[in-house]
Amino acid sequence: MINLLNSQMNPHFINNAIQSICNSITKGNVNESINWLNRLSHLYRLVQKSTKSKMIDLQEELEISTLYIELQQDLFDKGFSYVITIDELLKEDLEHTKVPPLILQPLIENAILHGLKGMKRNGEGELKITVTVEKEMLYICITDNGNGITKTKQELNEASGISLENINERLKIINGGKTEKKLLDVRTLKNDTGIALGTQSCLRIPLIQI
């Protein structure tokens with residue numbers, strides 16, 4: 001299980017999760033430990049299933065993302081909140097809408113580890129995921145209210161273990177290499193005075209429904 005998760009996600013997340021379980025067991029928190037193990041095991045099963053396919057249901061991708069976020073929430077001592085907003089036009093078709101597996105997790109990880117890290121103690125971190133449809137394209141944006149992008153693209157790649165450029169290349173393949181438009185856009189959000197309000201990562205994925 002650990003090898004599979006490590007190959008897809010930052011090893012620090014897995015190690016921290018295991019350490020939290022060990023700490024919980026040491027403190028005699030049996031129910032909490034069982035809950036952690038059950039959720040980590042469920043994440044493993046979802047990742048294992050998803051990596052066997054080139055495309056998975058959007059519903060499954062969001063389930064993986066939600067479970068990952070909630071595990072990270074525990075590691076952050078509930079230091080941030082999250083919300084996932086889905087276009088009304090899509091809600092009934094999540095099982096029939098296809099996306100590349102684990103396309104969101106590296107971006108969510110960057111938002112949590114780099115954007116919200118400084119808010120761990122004050123509990124004011126916010127993570128938002130929006131899923132919309134426009135002109136036969138699926139738009140998925142991950143937004144945090146942190147300090148904006150403070151690392152170079154290379155540093156972000158190294159920190160996540162999965163190159164952001166690789167995500168863009170995966171999207172190009174799905175698009176058939178026909179578009180010159182930017183399929184992955186990562187940018188710092190700022191107010192009118194130039195103060196950073198957070199980071200937003202947006203994906204453009206062809207709307208594939210089966």
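Report yes if residue 64 is within 27 Å of residue 124 (Cβ to Cβ) and in contact with a Pro (Cβ under 9 Å, 6 or more places away or on another chain), otherwise no. Judged against the criteria, residue 64 is a match.
Against the condition modelled with pLDDT of 85 or more, loosely packed, with under 14 Cβ neighbours inside 10 Å, under 25 Å from residue 94 (Cβ atoms) and more than 17 Å from the chain's Cα centre (by Cα), how does residue 31 come out, does it pass? No, not satisfied. Might you check whether a residue that is surrounded by 13 or more Cβ atoms within 10 Å (Cβ to Cβ), at pLDDT 90 or above and small (Gly, Ala, Ser) occurs anywhere in segment 156-175? Among the residues of segment 156-175, not one is surrounded by 13 or more Cβ atoms within 10 Å (Cβ to Cβ), at pLDDT 90 or above and small (Gly, Ala, Ser), which makes the answer no. Can you name the residue in segment 85-98 that is in contact (Cβ under 8 Å) with a residue 12 or more places away in the chain and either of a type in the set (D, E, K, R) or assigned to a loop (DSSP other than H, G, I, E, B) (or both) and, of all such residues, is most open to solvent (accessible area, probe 1.4 Å)? Taking the candidates together, the pick is 89. Criterion first (within 18 Å of residue 204 (Cβ to Cβ) and modelled with pLDDT of 85 or more) does residue 98 satisfy it? Answer is yes for this residue.
Contact map, segment 33-45: first residue in contact (Cβ under 8 Å) with a residue 40 or more places away in the chain, second residue open to solvent by 10 Å² or more (accessible area, probe 1.4 Å), Cβ cut-off under 7 Å, separation 6 or more or different chains; pairs are 44/1; 44/4. Residue count for segment 118-129, restricted to those that are farther than 14 Å from residue 199 by Cα, touching a strand residue (DSSP E or B) at 6+ places or on another chain (Cβ under 9 Å) and either at pLDDT 85 or above or open to solvent by 90 Å² or more (accessible area, probe 1.4 Å) (or both): 1. The set of residues in segment 106-117 being farther than 17 Å from residue 77 by Cα and either modelled with pLDDT under 85 or open to solvent by 10 Å² or more (accessible area, probe 1.4 Å) (or both) consists of 110 alone.
Consider segment 38-84 and keep the residues that are part of a helix (DSSP H, G or I), of a type in the set (Gly, Ala, Ser) and touching a strand residue (DSSP E or B) at 6+ places or on another chain (Cβ under 9 Å). The one that is surrounded by the fewest Cβ atoms within 10 Å (Cβ to Cβ) is 50.
The values are calculated or read from the model by the stated rules, or taken from the named source; none is laboratory data. Here the structure is a predicted model, which is why all the values come from computation and not from measurement. When we count neighbours, we look across all protein chains shown, and the Cβ atoms used for this are built from the backbone with ideal geometry, even at glycine. Heads up: the accessible areas ignore ligands, DNA and RNA and are worked out on the full protein's heavy atoms, side chains in. Shrake-Rupley method; radii C 1.70, N 1.55, O 1.52, S 1.80 Å.
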